[in-house]
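The values are calculated or read from the model by the stated rules, or taken from the named source; none is laboratory data. Bear in mind the structure is a predicted one, so any value in this text is a computation, not a measurement. Every residue, glycine among them, receives a Cβ derived from its backbone with ideal geometry; neighbour counts consider all protein chains shown. When the accessible area is computed, the model is the full protein with side chains, heavy atoms only, and any ligands, DNA or RNA have been set aside. Shrake-Rupley method; radii C 1.70, N 1.55, O 1.52, S 1.80 Å.
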Amino acid sequence: MKFLYILLLPLLIFSCSRKNSLDHSPEDKIERTAIKVPYELGSNYFVKNNVDLSNLNKSYLDSKIIFDSIFGIARTMSNESDPTPIDFTQQIVIPIILEETNIVSTITVDSVNKIGNHLKIRYTVTEVQPISYIVQPCELIIINRKEISDLNELQLSFEKTTKVL
């Protein structure tokens, strides 16, 4: 009987480990083929108060006129308050705009990956503490147009993670 257990134990271990190494979901295979897209974050911009975000007909901005109708420049007395320059002939902007809130919230872009003409953007929202006024947190992802083969066919998906401190 003891001999049978010794014989079957390696067989059981081998079969379990082999199954796990071959068992991958289609999403895992897609994730492995994704290409990381280089990006820059835009700073010193804010969402204008009078903007109706429901009028946006796509998830990226490729025009300075449309961009300027949504975002204003956030200047301070600091030398570092210059906004990130954006050349719309060479770049597009993918905004992440959260709902208005009275909670200090920061957005961290975790990754931007491309599979064909599909961009998957993962980001984390960290909520810290209530404040006495309303803000509309946003983050701007700036990507070179050469990273996108066809803007008309560009598809975006967003994956949000929320952390509360």
Not counting ligands, DNA or RNA, and with a 1.4 Å probe, what is residue 133's accessible surface area in Å² rounded to the nearest 10? 130
Which sequence of 70, 97 reflects their accessible areas, 1.4 Å probe, from the largest down? 97, 70
Per residue of region 82-95, what does 6.51 cos²θ - 1.76 cosθ + 1.60 with θ = phi - 60° give for ³J(HN,Hα)? Whole Hz please, x for Gly and Pro, Karplus curve as stated. 5, x, 5, x, 10, 9, 5, 7, 10, 9, 10, 10, 10, x
Collect residues whose amide H, placed 1.01 Å from N in the peptide plane, falls under 5 Å from the amide H of residue 45; neighbours closer than 5 in sequence don't count. 74
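Which FRET efficiency value, to the nearest 0.05, do you get for residue 101 and residue 77 by plugging their Cβ-Cβ distance into 1/(1 + (r/R0)^6) with R0 = 25 Å?
Details: r = 26 Å, r/R0 = 1.06.
Once rounded, the FRET efficiency stands at 0.40.
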For residue 111, list long-range residues whose amide hydrogen, built 1.01 Å from N in the peptide plane, is under 5 Å from its own amide hydrogen. 122
For region 158-165, in order, what is each residue's ³J(HN,Hα) by Karplus, 6.51 cos²θ - 1.76 cosθ + 1.60 with θ = phi - 60°, in whole Hz (x at glycine and Pro)? 10, 10, 9, 10, 10, 10, 10, 9
Which peptide among 151-162, 82-93, 136-147 comes first, and what is the full order, when sorted by highest mean count of other Cβ atoms within 10 Å? 136-147, 82-93, 151-162
Taking R0 as 22 Å, what's the FRET efficiency between residue 144 and residue 69 from their Cβ-Cβ distance, rounded to 0.05? 0.45
Could you let me know the centre-to-centre spacing of region 51-86 and region 114-154, using Cα atoms, in angstrom? 13
Apply the Karplus parameterisation 6.51 cos²θ - 1.76 cosθ + 1.60, with θ equal to phi minus 60°, to every residue of region 120-137 and state each ³J(HN,Hα) to the nearest whole Hz, in sequence, with x for glycine and proline. 10, 10, 10, 8, 10, 9, 10, 9, 9, 7, x, 10, 8, 9, 9, 10, 10, x
Once you sort the root eigenvalues of the Cα gyration tensor of region 24-165 as a ≥ b ≥ c, which label holds: rounded (a/c under 1.5), prolate (a/b larger than b/c) or oblate (the other case)? oblate
